[in-house]
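Worksheet: the structure to be examined is printed underneath.
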Amino acid sequence: MERGWIRLPDLVLWSNVQYNALKNAQVKSLSDALSKWASRFNFDVKDVWLLDTALYTLYKWGDLAPDALKFAFLGRADRLFRLPSDVPNLPAKIFEFDDAWDLEFEKLSQFRKRIEKRFKFHLELYIKRLTETAKAQGFVELREQRHFNWLARYQAAGESPKRIASRLKVGGEEPDNTIFKAVQKTARSVDLTLRPGRSGNRTSSRKVK
């Protein structure tokens, strides 16, 4: 290890942060700060994926330049590691296929019909392959974006379903019950441990826009 620098492998993984925190004071500071952050926003440190994501986000904030990564809670710039090899990456998202119109031997109407058929086939194949790859790597399809908004307000801001319904003007019968059920379902879909207490009774709530 170079003096004044951290050069430990894969510190974007929470398990490695915990392990190296036992041997390195700066990594211990990182571990403690992240644990306090999780507690502040009602996250469970047993949700390892969440802490891995937080660490990776910090790394991304450094514009993928390791020696530029700054942790505000360390008060200095620390060079950290390399990216882990298991960070999920989707294949190139460009949709394309090769074809051409041989206008000497093919009428425009024939070409148009043939190319539209081929386009639909390759489009569906592209969507299927990319969707299957995303699901295999743990991506979750975002069907109801507002449900994630409700989950963030309930979990991180400490708002009760009733307060969420009031603030966001959610209509329908028993909107607070509708919101809580959606919050539960959304939390399960991303393997997030919900904070205890359905009512969310708290003396104050953090403002979430």
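Find the residue count for the stretch 17-28, including only residues that are of a type in the set (S, T, N, Q) and either within 13 Å of residue 55 (Cβ to Cβ) or touching a Phe, Trp or Tyr at 6+ places or on another chain (Cβ under 7 Å) (or both). Looking only at that region, the number is 2. Count, please, the residues in the stretch 171-204 that happen to be among the β-branched types (Val, Ile, Thr), at pLDDT 90 or above and not in a helix (DSSP H, G or I). Number satisfying all stated conditions: 1.
Restricting the stretch 14-63 to residues that are assigned to a helix (DSSP H, G or I) and in contact (Cβ under 8 Å) with a residue 60 or more places away in the chain, the residue that is surrounded by the fewest Cβ atoms within 10 Å (Cβ to Cβ) is 49.
In the stretch 14-23, the condition of being closer than 30 Å to residue 159 by Cα, within 24 Å of the chain's Cα centre (by Cα) and at pLDDT 85 or above is met by at least one residue. For the stretch 144-174, a residue qualifies if it is without any contact (Cβ under 8 Å) to a residue 60 or more places away in the chain and out of contact with any Ser or Thr (no Cβ under 9 Å at 6 or more places or on another chain), and the qualifying residues are 145, 146, 149, 152, 164, 166, 167, 168, 169, 171, 173, 174. Within the stretch 110-146, if we keep just the residues that are surrounded by 11 or more Cβ atoms within 10 Å (Cβ to Cβ) and polar (S, T, N, Q), the residue that is modelled with the lowest pLDDT turns out to be 137.
The values are calculated or read from the model by the stated rules, or taken from the named source; none is laboratory data. Worth saying up front: this structure is predicted, and the values here are computed from it rather than measured. Using ideal geometry, Cβ is built from the backbone for each residue, glycine included, and neighbour counts are taken over all protein chains shown.
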